């Protein structure tokens, strides 16, 4: 089919054109880590009274005594062979750490996005259908609240309300209650793994752990999604083809959902990509508050101890995900809007 | 006599705007019998569209019916609820809009959109609706209807989109069809086929039609009765022959006079314009040996391989006015942009004053000494003015950049001089584009173009967006400017009557090639090529004799 071929061609072109960007990200983070203050060798020496000779030895072991261009070349070679170095904090290869922790972050982000969308779309539509009504003002208030309250505050507030006062939520530590059975790891996504294993008790436990952090994240990104939906709906509702639908006697439901909403979703899809990327980065605070074992908190810990390899690996991963998200959005957009694929 | 299909009785509609309440309709009364075709003509702001939208209950939130009654088939629908209207809309009365492409859902196939209308009123399965949609596309004479069912609006031409829109509107055989400027923006030949189709469909199915248009010729040709609206009131109502042959109301008289016909001249268009009655003598009437503009073998191939302009050659003498006519896609606007050096050509030469200005790329042409000699007036006067520039800034800009006027007092003097020459009162100079009317914006656009004293003015559909009475005044102004200054005009227009009046010579273009060229008078009375003949025949007209003849013919046929 020509539509699929067109989309594939666009996606391929995008993927190719993102290679230089990825390379730039690699070089930039490499250099950035080198100019940041702090000597990692000192951090990882055995103790405060470690001798100069010991520090020097660690430095040689880490390759820090070589000139910077040579270090960069070595680093690039390592990346090409899939080796992102070894974390000094955990003692594990960075790749292993990231693979272990990425599903936790992704699961949280996807759930939060799902929450946010299922709330933002109806709210945006309602607000657009009755502009300047009580509903509209209410949605605007909720959105402002979501944006101005930092995630660590709203996270703590949610914990305070639902765990401490009401006692409905489980204690906010990690992905699974300590007493629940850990499902065998297949995908790394706790909910999916539990469902595959058929351990619904664990699934419920994992889900209840997920609700509060995901809600915190969702609240944070509610505003851009709901406001965009509202603006797009408002614009589309005054467009000529909605008027055509009205003039030819289509039901209100059909006009709003099929004629208006599908067109209004186009800009929302774009915003969704941006929101998703922001969320992955902004995860760090939520992960800290809920002791979530994700990649963002991992990178933060590494950064605080000048542990180069994990930070570089994390930035590279984020850049890679960003490219991937953009590709997905491109494909989605091509499917949603027949006009795009012909250009 | 049976009761009329639709009666509108003393209808008043107000809009709440930022400047308070505005009364758009001030007591409109109209009636329409089953099967009748009524034309509503008037200029923008006359309330003709508001009348139609009130009938369909499509007024936006700001508009409110404050008085009067609308009765459809004996049922009062003035303030009908949604549940009462929904079965009527599309099934008993439906509407066709201006700008057909925007009126269709861009991300839904046309087959599904037609099916949507059918299924809103009749219990049909998806398959049945598709079969009916196919029948409808056949009825509106779309080629390859089977394939078109799965096409999206952007894959169809404007004329085809309007056919799809007509198919949707007639899908459930309504008794009343309202067509709001259905052919504005379409080519004359397309306009003719669409209007003929509409007339045929409504006649065959016994539908009543209200045709809303600013084009008197169109109303005269296709309507049994025409109502003229001005500022929210119906000022005159009669059969076309008597309305246009012997208009009674002063506004109708003005409107009729301002509409270009095959006989009118620039001076006959304006009844009382306040322009100097005696035209200034032409600076130079003889044709000098050396042409000002000599285009030879001009070719423009676009990136997708489409040849927009294909081997076009013509000359333009100083002070001469040359018209370019043709349908959309004929390359007339592309040629105007190539000559202005806003676009790069693929082959050929553009000689100006004996020098090939085509050698300078469009990117660097702003530095050329010829930039100030070739200026352009754009079609959309609103969009071509910087919204953050006052009228003064707009006119001063070319003076500063091209004529090198730096001194503030001198600048003001020259801007005011320009404004005076285009008839723009100097108190309007401080206003921004959104504070000016269409005609005033057109004047600013013209003043800006003549500010740097060019020798060639390219006019790209300069009056296409204007009301006829404003168009008449602007044409008058352009004609006077040319006489006064000896400017040469390259006049691009789809309105053949305008080109005939404004230009000494005319070039007819089709698909990027010159089909015919010659003195305007001869070309329009006796075209040599089939294409030019077809174009000229498609112009709607309201010659009183022709209208009466048509009427008689219709009476004997019916």
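Project the alpha carbons of the range B:349-475 onto their principal axes and report the range along each, largest first, in whole Å.
40, 37, 24
Indicate, rounded to the nearest 5 percent, the antiparallel portion of the DSSP beta bridges found entirely in the protein assembly as shown. Kindly include the intermediate steps, with their values, before the conclusion.
On the way: 45 of 81 bridges.
Here the share of antiparallel DSSP bridges comes out near 55 percent.
Work out how much length residue B:406 to residue B:526 would gain on full extension: take 0.36 nm times their residue separation and subtract the Cα-Cα distance, in nm to one decimal.
Working: separation 120, 0.36 × 120 = 43.20 nm, distance 5.22 nm.
Stretched fully, the residue B:406-residue B:526 segment lengthens by 38.0 nm.
Report the gain in length on full extension from residue B:537 to residue B:141: 0.36 nm times residue separation, minus Cα-Cα distance, nm rounded to one decimal. List each step's numbers first, then the result.
Working: separation 396, 0.36 × 396 = 142.56 nm, distance 2.10 nm.
Full extension of this stretch gives 140.5 nm more.
Using Cα atoms only, what is the angle between the long axis of helix A:295-304 and the major principal axis of chain A, expressed in degrees (0 to 90) to the nearest 10?
Here the helix axis deviates by roughly 40 degrees.
Taking R0 as 22 Å, what's the FRET efficiency between residue A:251 and residue B:62 from their Cβ-Cβ distance, rounded to 0.05?
Working: r = 25 Å, r/R0 = 1.12.
Efficiency, from the Cβ-Cβ distance: 0.35.
Quick one: if the Förster radius is 41 Å, what FRET efficiency do residue B:328 and residue A:95 give, using the C-beta to C-beta distance and rounding to 0.05? Let's see the in-between values first.
Working: r = 59 Å, r/R0 = 1.44.
The calculated FRET efficiency here is 0.10.
Taking Cα centroids, how far is the range B:49-70 from the range B:481-513 in Å?
Between the Cα centre of the range B:49-70 and that of the range B:481-513, the gap is 41 Å.
Mark the label point 7 Å from the Cα of residue B:81 along Cα→Cβ and return the residues of the range A:233-254 whose backbone N is within less than 14 Å of it.
none
Counting pairwise Cα distances across the range A:102-304, what percent come out greater than 32 angstrom? Spell out each step's value before the answer.
Numbers: 5689 of 20503 pairs.
Counting every Cα pair in the range A:102-304, those more than 32 Å apart make up 28 percent.
Starting from one equal scatterer on each C-alpha and no solvent at all, send me the Debye-based log10 I(q)/I(0) for chain B at q = 0.09 Å⁻¹, two decimals.
Log10 of I(q)/I(0), two decimals: -0.76.
Mind telling me which of A:72, A:250, A:157 comes out most flexible in a GNM of chain A, alpha-carbon contacts under 10 Å?
Between A:72, A:250, A:157, it is A:250 that shows the largest mean-square fluctuation.
Using only atoms on other chains, find how many Cβ atoms lie within 10 Å of each Cβ of peptide B:390-396 and report the average.
Working: counts 0, 0, 0, 0, 0, 0, 0.
If you average over the peptide's residues, the count of other-chain Cβ atoms is 0.
Quick one: of the DSSP bridges fully inside chain B, what percent are antiparallel, nearest 5?
Working: 44 of 80 bridges.
That works out to approximately 55 percent antiparallel.
Hey, what number do you get for the protein assembly as shown at 222 nm if only DSSP H runs of n ≥ 4 count, each worth -39500 (n - 2.57), divided across all residues, to the nearest 500? Don't skip to the end; give the middle numbers.
On the way: 35 runs with 446 residues, N = 901.
When only DSSP H runs of four or more count, the value is -15500 deg cm²/dmol.
Students often check this: by mean Cβ neighbours within 10 Å, which of B:92-104, B:135-147 ranks highest, and how do the rest follow? Display every interim value, and only then the final one.
Details: B:92-104: 23.2, B:135-147: 16.2.
Sorting B:92-104, B:135-147 by mean packing, highest first, produces B:92-104, B:135-147.
With N residues in the range B:381-454, what two-decimal value do you get for its Cα radius of gyration over 2.2 N^0.38 Å? Walk me through the numbers before you get to the answer.
Numbers: Rg = 10.9 Å, N = 74, 2.2 N^0.38 = 11.3 Å.
Rounded to two decimals, the normalised Rg is 0.97.
Relative to the first principal axis of the alpha-carbon coordinates of chain A, what is the inclination of helix A:262-289, with its axis defined by its Cα atoms, in degrees from 0 to 90 and to the nearest 10?
On a 0 to 90 degree scale, this one is about 30.
With angles folded into 0 to 90 degrees, how steeply does helix B:408-421 sit against the dominant principal axis of chain B? Use alpha carbons for both and round to 10.
50 degrees
Could you please rank B:541, A:137, B:381, B:494, placing first whichever residue has the fewest other Cβ atoms within 10 Å of its Cβ? Show your work: numbers first, answer last.
Details: B:541 18, A:137 11, B:381 25, B:494 22.
Going from sparsest to densest Cβ surroundings: A:137, B:541, B:494, B:381.
Rank these for me by crowding, B:161, B:418, going from fewest to most other beta carbons within 10 Å.
Values: B:161 22, B:418 25.
By the 10 Å Cβ count, ascending: B:161, B:418.
Based on alpha-carbon positions alone, could you give the equivalent ellipsoid semi-axes of the range A:257-343 from the gyration tensor, as √(5λ), descending, whole Å?
Details: eigenvalues 244, 47, 9 Å².
Ellipsoid half-lengths, sorted descending, are 35, 15, 7 Å.
Order the peptides B:520-530, B:110-120, A:162-172, B:180-190 from the highest to the lowest mean number of other Cβ atoms within 10 Å of their residues.
Values: B:520-530: 15.4, B:110-120: 24.1, A:162-172: 13.6, B:180-190: 20.8.
Top of the packing list down: B:110-120, B:180-190, B:520-530, A:162-172.
If you project the alpha carbons of the range B:32-133 onto their three principal axes, what span does each projection cover, largest first, in Å?
45, 30, 30
How long are the three semi-axes of the equivalent ellipsoid of the protein assembly as shown, in whole Å, if each is the root of 5 times an eigenvalue of the C-alpha gyration tensor, listed from largest down?
Numbers: eigenvalues 793, 306, 129 Å².
The equivalent ellipsoid of the protein assembly as shown has semi-axes of 63, 39, 25 Å.
Where a number appears in this text, it was derived from the coordinates with a stated rule and is not lab data. This is a predicted model, so every value here is computed, not measured. Cβ sites come from the backbone with ideal geometry, for glycine too, and all protein chains shown count toward neighbours.
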